[in-house]
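Working notes, beginning with the structure itself.
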Amino acid sequence: MIGITGANGKLGQLVIRDLLKIIPATQIVAAVRNPEKADNLHDVGVHVREADYDRLETLIEAFKGVEKLLLISAVQPGERFRQHRAVIDAAKRAGVKLIAYTSLLRADTSKLILAGEHLQTEEYLKSSGMDFVLLRNGWYLENHTETLASALSQSAIKGSAGQGRFASASRADYAGAAVTVLTQPGHAGKTYELAGDHAYSMSELAEEVSKEAGRQIVYDDLPPSDYEAMLLSFGLPKMIVDVVIDADVNSSKGELNSASGDLSRLLGRNTTRLSEAVKAALQI
């Protein structure tokens, strides 16, 4: 069986959707913190099991019979490594043979504040004795397209990225790569640097949105302190704001750009284009 942690999340849902096209639902385990919120998965025949990162016994029970496990990175900065370590320990005790982990683009050299816990997890996983696959996901197109409603209302996209470039891909792209390594042989021990085929700047994003919206949307590049104050004024948690600012600032240093090509090779197709993502976002 194949297990997916964080299966109630957006990426987890997409992974299970794609797995259902390849293997029977009875061969899929959805490991979730709140099983009562996973009725959609239970209804299609997927095994839904409680998996609380803070209760090791639930993790061990959830992973019983699982041969391959996708460890989708936990959400809360500062708690990730502790939670990931618990998953890895439980998986080993439950007899899991392989863990695929959604890490961060170039986690071993990245200057992003997110990189530290990802690299800790990678090293711990390597030391576990289990087979592993490192899926070093780049930036998500949705990180930009899911906030376009605000951009349209203000006729401007705000940020602090300068002319930094984002080799972003869609959640569906990253989900497809995960499904490939979980269902096809020959990936154990591999590290994949996953990124979109076509990088873009925030100015280019604004141009694409303008084209699709039929009116001018500009990119307003703010000093990081001003952008931080704006995001905090929206009520966003400080730790999330810190991640957003850090990513923008470091994009100008090349931290979120990549010409790897690993993602499109795993998918067997080109990654989602910015124009496709913008069009889909504006039609919602």
Region 143-284 - charge dipole about Cα centre, Lys and Arg +1 at Cβ, Asp and Glu -1, debye rounded to 20: 420 debye
Residue among SER258, PHE166, ILE99 farthest towards the positive dipole end of the chain, charges placed on Cβ: ILE99
Estimated dipole of the chain in Debye, rounded to 20 [Cβ of Lys and Arg +1, of Asp and Glu -1, Cα centre]: 700 debye
Cross-link pairs LYS64/LYS190; LYS37/LYS68; LYS158/LYS190 - those with Cα-Cα distance over 29 Å: LYS158/LYS190
Principal axis dimensions, the chain - Cα atoms, whole angstrom, descending: 54, 36, 34
Nearest-0.05 FRET efficiency for ARG85 and ASN270, computed from C-beta distance (R0 30 Å): 0.25
Kirkwood Rh, angstrom, region 1-84 [1 / mean 1/r, Cα pairs]: 12.7 Å
Bridge type composition, the chain - antiparallel percent by DSSP, nearest 5: 5 percent
Candidates per trypsin sites (Lys or Arg not before Pro) in region 54-128, loop by DSSP, up to 16 other Cβ within 10 Å: ARG55, LYS64, LYS97, LYS111
Cα centre as origin, Lys/Arg/Asp/Glu Cβ charges: region 2-137 dipole, Debye: 320 debye
Highest average packing first - 161-171, 215-225, Cβ atoms within 10 Å: 161-171, 215-225
Distance (nanometres) between label positions extended 7 Å along Cα→Cβ at GLU61 and VAL243: 2.9 nm
Gain on full stretching of the segment that runs from SER150 to GLN283 - 0.36 nm per residue minus C-alpha separation: 46.4 nm
Computed log₁₀ I(q)/I(0) - Debye formula, equal Cα scatterers, no solvent, region 230-284, q 0.20, 0.27 Å⁻¹: -0.98, -0.96
Convex hull volume per residue for region 61-133, taking Cα atoms only, in Å³: 77 Å³
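Here, each number is a calculation from the coordinates, and none is a lab measurement. Model, not experiment: these values are computed from the prediction. Heads up, the Cβs are rebuilt from the backbone with ideal geometry, glycines too, and the neighbour counts pull from every protein chain shown.
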